[in-house]
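For reference, the structure is listed below as structure tokens.
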Amino acid sequence: QVQLVESGGGLVQPGGSLRLSCAASGSFFSSYTMGWYRQAPGKLRDLVATITGGGNTNYADSVKGRFTISRDNAKNTVFLQMNSLKPEDTAVYYCNGRLRFDSYWGQGTQVTVSS
């Protein structure tokens, strides 16, 4: 069983930056593909970015060049650095951990981009 706890959300002005963190409990963190997803009101949950245990990354087109996903396997933590934030980035951001057939979700953290 893996538990994921997100932090770092908040209110930021357009063009600003935020760094989200997701702390994971449990074993074999380095083997998990970790990801960030987001869900805006009235919309489906969408992929933002993923990172494999080996460090390979994948991004949604809408965040390429602005967001960076990274991980620290020694600290069982995955990060999402978000720069040049836009109002359309406003959503609840969820951390996900996936290994073979198992998938775990955090409780989510709210990110609001508004002036």
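The values are calculated or read from the model by the stated rules, or taken from the named source; none is laboratory data. Since this is a predicted model, take the numbers as computed values, not measurements. Positions of Cβ are backbone-derived with ideal geometry, glycine not excepted, and every protein chain shown enters the neighbour counts. Calculation scope for accessible area: heavy atoms of the full protein, side chains included, ligands and nucleic acids excluded. Shrake-Rupley method; radii C 1.70, N 1.55, O 1.52, S 1.80 Å.
Can you classify the chain as rounded, prolate or oblate using the Cα gyration tensor, where a ≥ b ≥ c are the square roots of its eigenvalues, rounded means a/c under 1.5, and otherwise it's prolate if a/b beats b/c and oblate if not?
Working: a/c = 1.83, a/b = 1.69, b/c = 1.08.
Judged from the Cα gyration tensor, the chain comes out prolate (a/c at least 1.5, a/b above b/c).
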Exercise. Sticking with the crude label model, points 7 Å out along Cα→Cβ, report the distance from LYS64 to LEU47 in nm, one decimal please.
Key: 1.3 nm
Quiz item: Given a 1.4 Å probe, how much area per residue of the stretch 1-102 is accessible, in Å²?
Solution: 54 Å²
Exercise. Pick out which of PRO87, PRO41, PRO14 has the largest mean-square fluctuation in a Gaussian network model of the chain, springs linking Cα atoms closer than 10 Å.
Key: PRO41
Quiz item: Exactly which chymotrypsin sites (Phe, Trp or Tyr not before Pro) in the stretch 44-115 are in a DSSP loop and have at most 13 other Cβ atoms within 10 Å?
Solution: PHE101
Practice problem: Using a 10 angstrom cutoff on alpha carbons, build the Gaussian network for the chain and name the most mobile of SER21, SER62, SER84. | Solution: SER62
Quiz item: What net charge is computed for the residues neighbouring GLY10, neighbours being all others with C-beta under 15 Å from the C-beta of GLY10, Lys and Arg scored +1, Asp and Glu -1?
Solution: 0
Self-check item: Accessible heavy-atom area order of ARG19, ARG100, ARG45, ARG71, highest first, probe of 1.4 Å
Solution: ARG100, ARG19, ARG45, ARG71
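Give me the dipole magnitude in Debye, nearest 20, for the chain about the Cα centre, with unit charges on the beta carbon: positive for Lys and Arg, negative for Asp and Glu.
Working: 11 positive and 7 negative charges, 17 e Å.
That gives a dipole near 80 debye.
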Quiz item: Counting only protein heavy atoms, what percent of the accessible surface of the chain is carbon or sulfur at a 1.4 Å probe?
Solution: 48 percent
Quiz item: Can you give the accessible area of LYS43 in Å² (nearest 10), computed on protein heavy atoms with a 1.4 Å probe?
Solution: 130 Å²
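Specify whether the C-alpha gyration tensor of the stretch 22-85 places it in the rounded, prolate or oblate class, a ≥ b ≥ c being the square roots of the eigenvalues: rounded for a/c under 1.5, otherwise prolate if a/b is larger than b/c and oblate if not. All intermediate terms of the calculation are to be shown ahead of the outcome.
Working: a/c = 2.11, a/b = 1.61, b/c = 1.31.
Taking the square roots of the gyration eigenvalues as a ≥ b ≥ c, the stretch 22-85 is prolate.
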Quiz prompt | Bridge type composition, the chain - antiparallel percent by DSSP, nearest 5 | solution = 95 percent
